[in-house]
Amino acid sequence: MTHRLPICLFALAIPLAQTAAAEQPSQGVQGVVNDEMDRLPAQLDSFVQEAIDQGLLKRSSPVGTGPAMPSTPQAAPPSTPQAAPPSAQLAAPEEASVPQQVSLRPRQGAEVQTGCAVTSAYDFSDFRELSTYSDLMSWRGVLGAEDTDTSRTLLAKAYLVLGMNEEARMQLVGKADRTSTALREFAWLMEARSFPNISYFSDLADCDEEARIWLALARLRAGDPSGAQILSTQLSSFRHMPLRLRVNYAGLAIPALVRMKEATLIEKLLATFSKDEIEYYSRLKFVKALYDFSRATPGSEQVMRDYFNRLSYRDEAGAALRRAGLDIDAEYETELVTRLVDDYGQLPEDIPVEASLDVLLRDLNRAADYGMTLQLASVPAAQSPEAQARLADHYANLVAADLASTKKLWNIRGMDALLNGEDLLDGHEDLEARLGEAAALAAHLGLKSMSAKLSAKLDSDDQLAIAQAELAYRLADGKQLEALALQNTGIEQITRLAALDAVRSGDAARFAALSDRLPADPDFALLLVETDAASGHHIVPDIFYQRARDAGGEGGETTLNQIMTARKALASASEQPPRVALADVPGSLTRVGASLQASSMEMR
């Protein structure tokens with residue numbers, strides 16, 4: 001099927017030309033016909049490459065076996081320009097010949113037999129003039145006629161240069177030598193939907209400095225920032241690649257560099273292409289649009305949404321839009337995450353996926369719900385401590401958001417998630433706090449059975465009491481806070497919360513009963529003074545104002561001076577102190593949270 005279609009197109013072109021000659025057109029019409037015939041090779045290459053990318057062209061011979069990974073053709077489908085850029089111009093079929101740079105004889109030192117991997121298998125310098133499918137067609141017959149190991153290896157490398165990775169693997173079926181192994185690994189490296197063999201390329205780079213550029217790509221595709229550092233030292237090697245190989249490399253590397261915010265390196269890669277080449281190669285045009293979108297270039301969002309509506313770019317464009325905080329179709333986002341989770345499930349245990357997980361959980365967090373997170377946590381490739389920790393953080397954040405919601409159903413969902421995610425959250429630093437918070441909230445909502453289940457998982461009863469106090473403070477339930485403070489006189493955090501609530505509500509008697517148990521903490525004293533000013537009650541004794549002067553930070557001292565000045569002015573006027581706007585007490589709420597968090601950490 002792959003080869004019949006070009007033959008049919010040429011066959012159609014012949015009768016058209018004969019008909020035009022028979023009718024003896026005018027010189028102007030004849031010029032148009034000749035121009036169309038001159039452009040036929042470029043149009044043919046564009047058509048064939050697009051068909052390969054879309055999976056419309058099938059091979060007539062069986063495909064060799066390879067790693068059990070999903071694969072899709074990676075060659076970038078070129079646009080259909082009026083004329084190809086200078087580097088992609090084609091000779092007419094009858095003038096085509098085997099490129100002189102391609103030798104059918106093995107080169108000296110083509111395979112170095114050492115204890116390391118092959119060091120010269122990735123020398124593509126002989127293929128610098130090979131840029132289109134039509135170029136390949138012009139001399140493939142010569143290589144096919146020889147049918148030797150050398151000719152098959154050369155043909156495999158030619159296919160790799162053009163991004164036809166599966167066809168390259170076909171040429172290597174049954175070959176187990178080092179060069180063939182290296183080329184097979186290269187073919188998988190350049191497959192968009194496969195995971196590169198990082199350990200192989202690490203070994204290769206130890207033997208050959210020039211091979212570090214391929215290690216850089218392998219690490220970039222795995223989400224490893226060290227790939228960018230390596231690539232920055234290999235730009236000369238990148239510039240000397242054959243055009244199509246450079247296009248394919250950039251098409252894989254730039255999306256990863258965009259996520260890593262490596263703008264300078266992206267600019268250097270794109271600078272190796274002309275404007276015509278960026279416009280001609282559709283994959284290159286897309287990654288340029290992706291980079292523009294990451295910089296919020298005017299009009300780039302609409303361009304990215306246009307790509308989102310094109311099937312071949314939908315996944316990458318959708319992830320980019322979500323990464324920028326923009327909405328996409330929720331159903332499609334869930335479908336995308338499901339596919340990614342399925343892909344992770346097919347990876348072996350030794351594949352590092354921590355960085356890739358971070359991208360998924362950050363960019364597509366709306367669809368990465370509890371069930372999806374637990375499914376990810378169960379796949380072999382996510383069993384490393386780093387991956388488990390990242391997934392546990394994401395899961396804990398989902399729980400925290402649901403427990404903090406004002407919607408009762410979301411509260412219950414968070415409670416249920418805590419029970420279901422016990423294994424994933426085991427040992428997580430926020431587990432005790434979340435369990436206590438959920439147990440207290442369940443009791444408040446009248447869910448006694450749920451509260452009992454959650455309380456039973458707490459290591460300490462103190463944590464439940466603290467969570468109940470935090471909930472009571474959030475609900476401004478002064479009576480409950482007073483009762484908890486009396487029942488738990490040894491828990492400083494509850495005493496602090498009760499004191500803050502007393503100041504907030506203007507209950508001087510309750511504050512006086514608690515003040516002797518408060519720590520001599522300047523920062524907490526400043527917090528009390530700010531709360532006192534914000535509430536307008538002014539019931540905090542002078543001793544706490546004196547303590548607050550020792551609080552660190554220029555902002556705190558400024559705030560205290562403003563409050564003291566206003567207080568003295570009001571006292572001298574013998575007037576009821578007016579309320580101080582909360583907006584005039586900068587950072588008070590932030591310090592409330594920080595103070596409570598500090599106490600919570602002390603309890604643990």
query = What's the number of the condition residue 453 fails, among (1) surrounded by 15 or more Cβ atoms within 10 Å (Cβ to Cβ); (2) over 40 Å from the mean Cα position of the chain (by Cα); (3) among the basic types (Lys, Arg)?
reply = (2)
key: Lone unmet requirement of (1) surrounded by fewer than 16 Cβ atoms within 10 Å (Cβ to Cβ); (2) in contact with a Ser or Thr (Cβ under 9 Å, 6 or more places away or on another chain) for residue 326   = (2)
inquiry  = Scan the stretch 228-241 and tell me whether some residue there is farther than 30 Å from residue 386 by Cα and buried (at least 20 other Cβ atoms within 10 Å of the Cβ).
reply    = yes
key: Unique match (being of a type outside the set (D, E, K, R), open to solvent by 70 Å² or more (accessible area, probe 1.4 Å) and assigned to a helix (DSSP H, G or I)) among 468, 480, 463   = 480
request  = Could you list, in sequence order, all residues of the stretch 356-378 that are in a helix (DSSP H, G or I), modelled with pLDDT under 70 and open to solvent by 30 Å² or more (accessible area, probe 1.4 Å)?
outcome  = 358, 359, 362
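Rundown of residues vs (1) exposed (fewer than 15 other Cβ atoms within 10 Å of the Cβ); (2) farther than 20 Å from residue 481 by Cβ, yes/no style:
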residue	(1), (2)
516	yes, no
521	no, no
534	no, no
539	no, no
542	yes, yes
key: In the stretch 464-474, the residues that are touching a residue at least 60 places away in the same chain (Cβ under 8 Å) and under 11 Å from residue 488 (Cα atoms)   = 466
message = The conditions are (1) assigned to a helix (DSSP H, G or I); (2) farther than 14 Å from residue 231 by Cβ; (3) modelled with pLDDT of 95 or more, and residue 313 fails exactly one of them. Which is it?
response = (3)
query = Quick one: in the stretch 179-189, which of the residues that are open to solvent by 10 Å² or more (accessible area, probe 1.4 Å) and closer than 18 Å to residue 151 by Cβ is nearest to the chain's Cα centre (by Cα)?
reply = 184
remark   = Out of (1) closer than 18 Å to residue 431 by Cβ; (2) not in a helix (DSSP H, G or I); (3) not basic (Lys, Arg), the one residue 489 does not meet is (1)
task = Take the stretch 379-389 and flag every residue that is under 17 Å from the mean Cα position of the chain (by Cα) and open to solvent by 60 Å² or more (accessible area, probe 1.4 Å).
result = 386
remark   = Going through (1) within 15 Å of residue 369 (Cβ to Cβ); (2) in contact with a Leu (Cβ under 8 Å, 6 or more places away or on another chain); (3) in a loop (DSSP other than H, G, I, E, B) one by one, residue 395 fails only at (3)
query = So which residues in the stretch 411-430 are open to solvent by less than 50 Å² (accessible area, probe 1.4 Å), within 14 Å of residue 401 (Cα to Cα) and either of a type outside the set (Gly, Ala, Ser) or not in a helix (DSSP H, G or I) (or both), if there are any at all?
reply = 411, 415, 418, 430
request  = Would you check which residues across the stretch 277-293 are open to solvent by 60 Å² or more (accessible area, probe 1.4 Å) and modelled with pLDDT of 95 or more and list them?
outcome  = 285, 288
query = Checking residue 331 against (1) at pLDDT below 90; (2) open to solvent by 50 Å² or more (accessible area, probe 1.4 Å); (3) under 18 Å from the mean Cα position of the chain (by Cα), which test does it fail?
reply = (3)
key: Residue count, the stretch 263-280 (criterion: more than 12 Å from residue 238 (Cα to Cα) and among the aromatic types (Phe, Trp, Tyr))   = 1
request  = Quickly run through the stretch 146-178 and pick out the residues that are open to solvent by less than 60 Å² (accessible area, probe 1.4 Å) and assigned to a loop (DSSP other than H, G, I, E, B).
outcome  = 148, 162, 163, 164, 172, 175, 177
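The values are calculated or read from the model by the stated rules, or taken from the named source; none is laboratory data. These numbers were taken from a predicted model, which means no experiment stands behind them. Quick reminder, even Gly has a Cβ in these numbers, built from the backbone with ideal geometry, and neighbours come from all protein chains shown. Keep in mind that these areas ignore ligands, DNA and RNA; they rest on the heavy atoms of the full protein, side chains included. Shrake-Rupley method; radii C 1.70, N 1.55, O 1.52, S 1.80 Å.
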